[in-house]
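Contents: one structure, followed by commentary.
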Amino acid sequence: MDTGVLYFIVLVGGVTGLCPQWEWASGSYYCLVDDTMTWDEAQATCSGMSGSMAVPDSNEEHQFIWQMFKENSRVGSLWIGCRHDSMEGRYVQPGNGGKECVYTKWAPGEPIGNAGQDCVQLWDVAGGRWDDTKCTRDRSVICERPARAFPANLSCMQADARGRFTAP
């Protein structure tokens with residue numbers, strides 16, 4: 001019994017340590033993970049926090065993500081959840097069921113599409129515009145969770161005098 005409580009605390013503490021505060025905007029929660037990692041590691045990190053790598057769907061969301069990154073990060077560029085699908089010839093969101101990345105904000109001359117440049121970053125050199133680059137580079141990531149990830153019928157539990165939970 002005590003071990004179960006200990007595991008729960010460690011699990012929650014680990015997630016909170018990576019992302020102590022989620023910021024809400026445009027119907028989603030966002031969290032900057034300022035550790036540098038490869039694109040695949042970034043995807044696994046966001047998935048482990050019940051989210052996915054942020055992918056801007058509008059200019060407003062793009063500006064919010066870039067501004068959040070620039071205000072809170074020490075690293076120059078940022079991974080987003082778009083990746084080149086060579087079979088389809090388009091950029092998709094593997095962490096979101098392969099949905100196509102419809103909104104784009106490519107830097108001039110991008111995407112280059114060279115072999116091995118399959119992952120998309122918000123590129124510091126181009127003021128946060130998109131750039132295709134090698135997935136093995138180390139970048140920070142912003143994870144995103146939709147606001148609907150929390151049940152609408154969520155209620156608080158109450159405890160009696162002996163510490164046992166009772167119906168709400």
Residue ID - modelled with the lowest pLDDT, chosen from residues in the stretch 103-159 that are surrounded by fewer than 21 Cβ atoms within 10 Å (Cβ to Cβ) and polar (S, T, N, Q): Asn153
Of everything in the stretch 29-44 that's surrounded by fewer than 21 Cβ atoms within 10 Å (Cβ to Cβ) and of a type in the set (S, T, N, Q), which residue is farthest from Ser73 (Cα to Cα)? Thr38
With (1) of a type in the set (Val, Ile, Thr); (2) at pLDDT below 90; (3) part of a loop (DSSP other than H, G, I, E, B) as the list, and Val5 as the residue in question, which single condition is left unmet? (3)
Would you confirm whether or not the stretch 60-82 contains a residue that is over 24 Å from Ser26 (Cα atoms), part of a loop (DSSP other than H, G, I, E, B) and free of Cβ contacts under 8 Å to residues at least 24 places away in the same chain? no
Kindly evaluate Gly51 against the criterion of being over 19 Å from Thr104 (Cβ atoms), small (Gly, Ala, Ser), at pLDDT below 95 and exposed (fewer than 14 other Cβ atoms within 10 Å of the Cβ). no
Determine whether Glu41 is in a loop (DSSP other than H, G, I, E, B), among the charged types (D, E, K, R) and either in contact with a Phe, Trp or Tyr (Cβ under 8 Å, 6 or more places away or on another chain) or modelled with pLDDT of 95 or more (or both). no
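The values are calculated or read from the model by the stated rules, or taken from the named source; none is laboratory data. It should be emphasised that the depicted structure is a prediction, and the values quoted were computed from it without experimental measurement. A quick note on method: Cβ atoms are made from the backbone with ideal geometry, for glycine too, and the neighbour counts reach across all protein chains shown.
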